[in-house]
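Below: one structure, written as structure tokens.
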Amino acid sequence: MKKTLAVALTAVLALSAAGCGKKTATNTAGEAASAVPEAAQEAASVVAEAAEEAASTAEEVVEEAVTETAAKGEGVMTYEEYAAAELDSEVVVETYVQAKQSWWEDKATIYTQDADGAYFIYEMPCSEEDYNKLVPGTKIKVTGYKSEWSGEVEIVDSTFEIEEGDTFVATPEDVTELLGTDDLVKKQNIFAAFKGMTVEPSTDADGNEVAFLYKWDGSGSEGDDLYFNVSVNGQTYNFTVESYLCDKDSDVYKAVQALEVGQTVDMEGFLYWYEGANPHITSVTVK
């Protein structure tokens, strides 16, 4: 009887030990399994924090670069202040050369722009040596008077200084949808893009329909300004290749000479103003 009881107790103890061993193994496996997603979650959190920090750093670098480019010297107007200034008042701006239209008799006419707007500088006293330094992107400080001629707002009677440091070359802003609206004039003189426009006929001196004219009335010849009509959204506009800016040997001059009525074109150029929008086109691409 005692022997039987002892055997039974031994069996119970053995089963209990086995059960405990199994439970311990199960708990260990469960703890290990639960540790895996926790570790993955922690790793993901570390990666996310690193990515956020990198993005923040990149944003700060971009903001710093923009701030540096847009920074104005003491006494220099922002574009908003320039736009609000009265005509014939003295203005001081820091801006960047985008293109040079002409130079003669020690006077330069140039298209300039910063991150906020554009300034057309008309017949600015300038030596030939300095004119050659005014490559696209060059920063200059201009002091002169705000003026207007047939709707074109410009700076005249000016002096300038070339400033070292940052440069800025504008990318063309698509203003196609602003054509025919009151908001277009707010973009005056910027480097602009015009897309998906259709070449419309002009009438030459003999009454023939042509794709372009030499001079506005067709009275000119090769080497003069080119005038051509283009339309979008049911409205027709007159664009120009200014021969001082892009002469007869330029790609855009030759491209306009080769235009055909009905073609669709994309264009880039400076949003000059003469009794309304009169863009000075610098490139034409037939679609």
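For the listed residue pairs K107/K287; K141/K254; K139/K287; K107/K195; K72/K187, the alpha carbons are over 30 angstrom apart in K107/K287; K141/K254; K139/K287; K107/K195.
Please work out whether the range 110-200 counts as rounded, prolate or oblate from its C-alpha gyration tensor, where a ≥ b ≥ c are the square roots of the eigenvalues and a/c under 1.5 means rounded, while otherwise a/b larger than b/c means prolate and anything else oblate? Prolate is the answer for the range 110-200, as a/c is 1.5 or above and a/b outweighs b/c. Exposure proxy shown here: for F239, F191, the number of other Cβ atoms within 10 Å sets the order, fewest to most, as F191, F239. For the range 79-163, averaging the sequence separation of C-alpha pairs within contact (under 8 Å, six or more residues apart) and dividing by the residue count gives a relative contact order of 31 percent. Here the range 173-286 carries DSSP beta bridges of which approximately 85% are antiparallel, counting only pairs with both residues inside.
Any read-out appearing in this document is the output of simple, stated calculations on the displayed coordinates, not a laboratory observation. As the structure is a computational prediction, the values presented were derived from the model and not from experiment. When we count neighbours, we look across all protein chains shown, and the Cβ atoms used for this are built from the backbone with ideal geometry, even at glycine.
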